[in-house]
C-alpha cells in the first residue's frame, strides 16, 4: 500500500497512468501528452489506440520503466476472446508494454465463468511480457460479481484488476473495496479509473484505500494539487 504521508510530486506521478482517450485525438495531442509524461514522470501513457504506439515509443525513448499503454475491447468488452487476443498481440507488436482489456461483463453476469477464465488465459498469453490490466466496469456489477470477476483475474495471473474504462460511471468506494478485498493476499495490484470530480481529493481517497494506480486524463491536475491538499490538511505539510 502506498504511504500517502510520504507523497511528493514525483512519487504521486508514479501512481498515475496518464491517458488521452478521445477517438479524434490527433498526432499533436499525442506528442503533447508524451511531453507531459516526460515532465511529470507518470507511470504510464495511454493513447486512444495502439495505432499511436510507435509514435509514443519514439517520444518516450529513454524513459526507463514508463509503460506505453492501450485499451482493448473498449468500452464494452463483448468481443470474442480470440478477437481480443489478436488485438492484444497486435498492440504489443506495435510497441505497447501495458494492455488494459475489458472483461466480457455479459459472460460474467451470466455465470459463464469458464468462458471468462479462458479469455483471461488468452489475454495473458497474447500479452507476453507486457503488463496486463483487466477492467471489470464495476458500475454494472453487484459486489458479489465484482468479487468473482476479481478472483478470476487473480487466478489467471493478470497483473492488475481495474475498476472501470472511464467511459461510464466511475467506481464508488464500496465497489473498490469489494474488488480490493477479493484479491487480498494475491499478487494482483489495484487500478482505479473513472475518478469523478473533485478529482484530486477523490484520487487521494482511493490511494489511501489501497489503490496502486489511478488511470486518468487529469493526471497533471492531480499532481499539481499537492500544495492545495496539504493546505487543506488532507496531507502532512
| task | Output the number of the condition that residue 221 fails; it satisfies all remaining conditions of (1) surrounded by fewer than 18 Cβ atoms within 10 Å (Cβ to Cβ); (2) within 16 Å of residue 163 (Cβ to Cβ); (3) touching a helix residue (DSSP H, G or I) at 6+ places or on another chain (Cβ under 7 Å). | result | (2)
| remark: Residue set 79, 98; condition within 26 Å of residue 20 (Cα to Cα), buried (at least 17 other Cβ atoms within 10 Å of the Cβ), modelled with pLDDT of 95 or more and in contact with a strand residue (DSSP E or B) (Cβ under 6 Å, 6 or more places away or on another chain); output residue 98
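Tell me, which residue of segment 1-22 that is free of Cβ contacts under 8 Å to residues at least 40 places away in the same chain and more than 18 Å from the chain's Cα centre (by Cα) is farthest from residue 101 (Cα to Cα)? Let's see the steps before the verdict.
Keep residues of segment 1-22 that are free of Cβ contacts under 8 Å to residues at least 40 places away in the same chain, which gives 3, 6, 10-11, 14, 22.
Filter once more, so that each one left must be more than 18 Å from the chain's Cα centre (by Cα): 3, 6, 10.
On the way: 3: 28, 6: 32, 10: 27 Å.
Step by step, filter segment 1-22, then rank; the result is 6.
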| request: Could you tell me whether segment 4-27 includes any residue that is buried (at least 23 other Cβ atoms within 10 Å of the Cβ) and over 19 Å from residue 192 (Cα atoms)? | output: no
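How many residues are in a helix (DSSP H, G or I) and under 17 Å from residue 134 (Cα atoms) when one looks only at segment 47-63?
First, the residues of segment 47-63 that are in a helix (DSSP H, G or I): 50-59.
Imposing the further condition that a residue be under 17 Å from residue 134 (Cα atoms) reduces the set to 50.
Residues that pass the stated criteria total 1.
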| Between a first residue in segment 226-237 that is free of Cβ contacts under 8 Å to residues at least 24 places away in the same chain and on the phi > 0 side of the Ramachandran plot and a second residue that is surrounded by fewer than 16 Cβ atoms within 10 Å (Cβ to Cβ) and part of a helix (DSSP H, G or I), which pairs have beta carbons less than 6 Å apart while being 6 or more apart in sequence or on different chains? | none
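Looking at segment 160-183 only, could you name the residues that are part of a helix (DSSP H, G or I) and within 14 Å of residue 103 (Cβ to Cβ)?
If the condition is that a residue be part of a helix (DSSP H, G or I) and within 14 Å of residue 103 (Cβ to Cβ), then 179, 182 are the ones that fit.
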| So which residues in segment 28-46 are part of a helix (DSSP H, G or I) and either surrounded by fewer than 23 Cβ atoms within 10 Å (Cβ to Cβ) or within 13 Å of the chain's Cα centre (by Cα) (or both)? | 28, 29, 30, 31, 32, 35, 36, 38, 39, 40
| message | Quick check on segment 135-152. Is at least one of its residues closer than 30 Å to residue 32 by Cα and part of a helix (DSSP H, G or I)? | response | no
| How many of the residues making up segment 82-95 are within 26 Å of residue 61 (Cα to Cα) and either crowded, with 21+ Cβ neighbours inside 10 Å or in contact with a helix residue (DSSP H, G or I) (Cβ under 7 Å, 6 or more places away or on another chain) (or both)? | 7
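Is it fair to say residue 157 is in a loop (DSSP other than H, G, I, E, B) and farther than 23 Å from residue 126 by Cα?
For residue 157, the condition - in a loop (DSSP other than H, G, I, E, B) and farther than 23 Å from residue 126 by Cα - is not met.
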| Mind checking whether some residue in segment 64-82 is more than 23 Å from residue 187 (Cα to Cα) and in a helix (DSSP H, G or I)? | yes
| request: Please give the number of the condition residue 138 fails out of (1) in contact with a helix residue (DSSP H, G or I) (Cβ under 8 Å, 6 or more places away or on another chain); (2) more than 16 Å from residue 168 (Cα to Cα); (3) buried (at least 23 other Cβ atoms within 10 Å of the Cβ). | output: (2)
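The values are calculated or read from the model by the stated rules, or taken from the named source; none is laboratory data. Predicted model, so just to flag it, every value in this text is computed and none were measured. Quick reminder, even Gly has a Cβ in these numbers, built from the backbone with ideal geometry, and neighbours come from all protein chains shown.
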